[in-house]
Amino acid sequence: MQPDPIAAIVDQWRRERPDLDATPILVIGRLFRLTDVLDQRLRPPFSAAGLGSGDFDVLAALRRSGVPYALSAGELSRTVLVTTGAITKRVDRLEARGLVGRSVAEADSRGRLITLTAEGVALTDELIGVHLDNQHRLLAGLSGDDQTQLAGLLERLASQLATDD
């Protein structure tokens, strides 16, 4: 097993400032470090498909919304958890590639719907299989029970932080 640089940081703080409890770094520091590592290991299939950062998130949100695979920019923004401005930039890139289209919403002619094209559906279906296989591989070092426990702890932390806002 490799040395744990996060534990080393906590040990250094214990030595330098024994009056402070640096143990939260063991969780927060590891979460930040894992975010970077996971992003580096999950993004290659999307890059290989010519997708920019976050583009697959838009495609996946549309695909899992079900037929007709269409959402407004606001709905996409809430689903993907980014601003509508970020959604617009992503949709522009995806539309230029023919993976999504824009249309006028029937219920409100001022609104626009973003819809997956047939090519977008096919690419998303191909990539989600690769993406999930990759995620399974990355979590293979944890048992099913460990994964369930970790998922529950992360959900609890996320829920608690959401209520703190």
What residues qualify as long-range amide H neighbours of V100, i.e. H under 5 Å apart, gap of 5 or more or another chain, H built at 1.01 Å from N? E95, T117
Mark the label point 7 Å from the Cα of Q160 along Cα→Cβ and return the residues of segment 27-45 whose backbone N is within less than 13 Å of it. 27-28
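Evaluate the Kirkwood expression for the hydrodynamic radius of segment 10-133, namely the inverse of the mean inverse distance over all pairs of different C-alpha atoms, and round to one decimal in Å.
For segment 10-133, the Kirkwood estimate is 16.6 Å.
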How much of the accessible area of segment 105-165, in percent, comes from carbon and sulfur atoms when a 1.4 Å probe is used? 55
Between V67 and S103, the two model label points (7 Å from Cα along the beta-carbon direction) sit apart by a distance in nm of 1.3
Highest-MSF residue in the chain out of E106, E126, E16 [GNM, Cα springs under 10 Å]: E16
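In terms of the ratio Rg/(2.2 N^0.38 Å) built on C-alpha atoms, what value belongs to segment 64-133?
On the way: Rg = 12.3 Å, N = 70, 2.2 N^0.38 = 11.1 Å.
So segment 64-133 has a normalised radius of gyration of 1.11.
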Given H placed on each backbone N at 1.01 Å, which residues far from L113 in sequence or on other chains put an amide H within less than 5 Å of it? S103, V104, A105
Just the accessible area per residue of the chain, please: how many Å² with a 1.4 Å probe? 67
More than 17 Å apart: what percent of Cα pairs in segment 46-95 qualify? 26
For segment 22-71, state the semi-axes of the equivalent ellipsoid (square roots of 5 times the eigenvalues of the alpha-carbon gyration tensor), sorted largest first and rounded to whole angstrom. 31, 15, 6
In nm, what is the difference between 0.36 nm times the number of residues separating A122 and W13 and their Cα-Cα distance? 34.1 nm
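The values are calculated or read from the model by the stated rules, or taken from the named source; none is laboratory data. Computed from a predicted model, the values in this text were never measured in an experiment. Methodologically, a virtual Cβ is constructed for each residue, glycine included, from the backbone with ideal geometry; neighbour enumeration extends over all protein chains shown. Surface accessibility is based on the protein's heavy atoms, side chains included, excluding ligands, DNA and RNA. Shrake-Rupley method; radii C 1.70, N 1.55, O 1.52, S 1.80 Å.
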